[in-house]
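In what follows, a single structure is set out as structure tokens and then discussed.
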Amino acid sequence: MDLSSINGVLRVPASDGLQSTSSPATIASQLKSRLLDGFLSHNEERGKAAHVVNGTPPSDIQLVSNPLHRELARNIFSYRDIFMTPRNFELDVDADELRTIYVLHVLNHVFKHRNVVLKNNQKLKAAKGTEDETPELRDQGFTRPVVLLLVPFRSTALAIVKQLAALSGTKQQENWQRFLKEYSSSSEQNALDESKPEDYKRIFGGNIDDSFRVGVQFSGKNMKLFSDFYSSDILIASPLGLRMAMDGVTKGKPTIQADFLSSIEVVILDHADVILQQNFDHVQVIFENLNTIPKENHDCNFSRVRSWNLDGKAKYLRQSILLSSYLFPELLHLSSSLCANISGSLYVKTSYRDGAISKTSGDVPQTFQFVEGSESATSPEHDSDLRFNFFVERVLKSVNQSTIVFISHYFDFLKLRNHLEEKGIEFGELSEYTPGPSVNRSRSHFMNGKLKLLLVTERFHFYHRYKLRGMEQLVFYTLPLVADFYAEFVKFFALQSSGRTVKGNPSVTALFSKFDKLKLERILGEQRARQLSKHGHERKAWLFA
């Protein structure tokens, strides 16, 4: 299948002479037999029976029926970097199915790597008692871990480890009960509000602790959980949990200790959009410390270390798989500056035709206002300053109704909150750090008309998804990263406030600048986003009604 025929997909070919794409190997031929058996059993449990007939393994179509998944599997097993941000119906990938594919790949890589090391151990042992020259066998890195999986919650790690156990063919899983106890969710965590949106229940339906790390070691038919990092084959962690493990002290000064990341050959960042709502800076630090020369030897046999590890070139042979619901600048920076796989890359990007605005009512006029002067902004920080000045001088003065101000970034929220406090303007706030009683008080006072201004951060809405009543005017100080949040907030106009009649004409004002192209695509659709990005500084305001 030619991926270029799928709308929204860009393919970056492998470097010349490295890998041919003319006749890719089948999925079954690249899997070790125990993993193929596990995959077939997994599919059979889901009603997708396929079998080895007369020694002939199933075809790719029999193994993976979805054409996009099938092409993704081929590219993943070919060790290309994968950068995938699907959102629309044609490219929407079921998380469980995609997870199965990359878990198979991870197991396949670990088993092949360990087999080579163990076979070479036997060769060296056999040569030891003879007069033959000891063969030079360079088959490993500085440390044992070769795979890193970064995920947002313990519930995500639980799903991965369950698939590792199911697909690996292992007969024993050490520390299994301990793992289930620490990573499963309690009955209280499972009791989600049924009125919440489906995506909210899907994200938060489990143990949502975001500070964890666990090593996984394979030995024959045994899988050991909670193995020491330097004895592990696979590291599974949240960015926060791994970042905490990297904190060290040398001669009284804080340092980063990341030797266990020195020989990572496959790194997978799953649910990057959820991690963005946590702290993406941790991901940046982790990727900066992948494949660096270790500071200590950790009982390393340097005669077995591959030349590209010794030469500091391992990052060019590392496969990076980045998966997200949408594209954002930090992810783009990560893929362009810290992923340098010589085997090439595959980008899968959604095309947005109508955008989230199509889910809103045409009864509410929605104005997209260009931040005047922002065409000259030289950086996002400069753009933030210009946006603040424009809002204070042009937008805030016109606020005379019960108004919600949506703010995507916490530092913008702090800047605006401090300004309102200095000017003595009464307001309420709903941020990720607002105490529960203050949240309830601000919501109640705004609904009853006692507060005319309510600041709401995107991260607060991401974690709570409250329906906010009493709104007469909506201002997007910054556009939301999650496009559906735009539609959700516009729909708040339709909510009735108990004991109060909402007056005035509802209106939406959304500020944008040249740095908001990706957000505009998701909210307005690509065609309209191009118009606003190209002519925003000329026309200034665009009305959708």
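The values are calculated or read from the model by the stated rules, or taken from the named source; none is laboratory data. Small disclaimer: the values here were computed from a predicted structure and weren't measured. Heads up, the Cβs are rebuilt from the backbone with ideal geometry, glycines too, and the neighbour counts pull from every protein chain shown.
Residue pairs whose Cβ atoms lie under 7 Å apart, sitting 6 or more positions apart in sequence or on different chains, and linking a residue in the range 463-475 that is more than 16 Å from Ser195 (Cβ to Cβ) to a partner that is in a loop (DSSP other than H, G, I, E, B) and β-branched (Val, Ile, Thr), are Gly470/Val502; Glu472/Val502; Gln473/Val399. Selection over the range 345-402 of residues that are within 16 Å of Ser533 (Cα to Cα) and touching a Ser or Thr at 6+ places or on another chain (Cβ under 6 Å) gives a count of 5. Only one entry in Tyr347, Tyr316 is free of Cβ contacts under 8 Å to residues at least 40 places away in the same chain, aromatic (Phe, Trp, Tyr) and within 30 Å of Pro86 (Cβ to Cβ), namely Tyr316. Restricting Gln473, Gln496 to those that are of a type outside the set (D, E, K, R), farther than 24 Å from Thr85 by Cα and either buried (at least 21 other Cβ atoms within 10 Å of the Cβ) or modelled with pLDDT of 95 or more (or both) reduces the list to Gln473.
Picking from Lys450, Lys517, which residue would you name as being without any contact (Cβ under 8 Å) to a residue 60 or more places away in the chain, within 20 Å of Glu372 (Cβ to Cβ) and surrounded by fewer than 19 Cβ atoms within 10 Å (Cβ to Cβ)? If you could, list the steps in order and put the result at the bottom.
On the way: Lys450 fails: within 20 Å of Glu372 (Cβ to Cβ).
The match here is Lys517.
The helices (runs of 4 or more DSSP H) found wholly in the range 34-130 and carrying at least 3 residues that are closer than 22 Å to Ala165 by Cα and at pLDDT below 85 occupy 95-128.
Ala127 - would you say it is more than 22 Å from Ile268 (Cα to Cα) and not polar (S, T, N, Q)?
Numbers: more than 22 Å from Ile268 (Cα to Cα): yes; not polar (S, T, N, Q): yes.
When the stated conditions are applied, Ala127 passes them.
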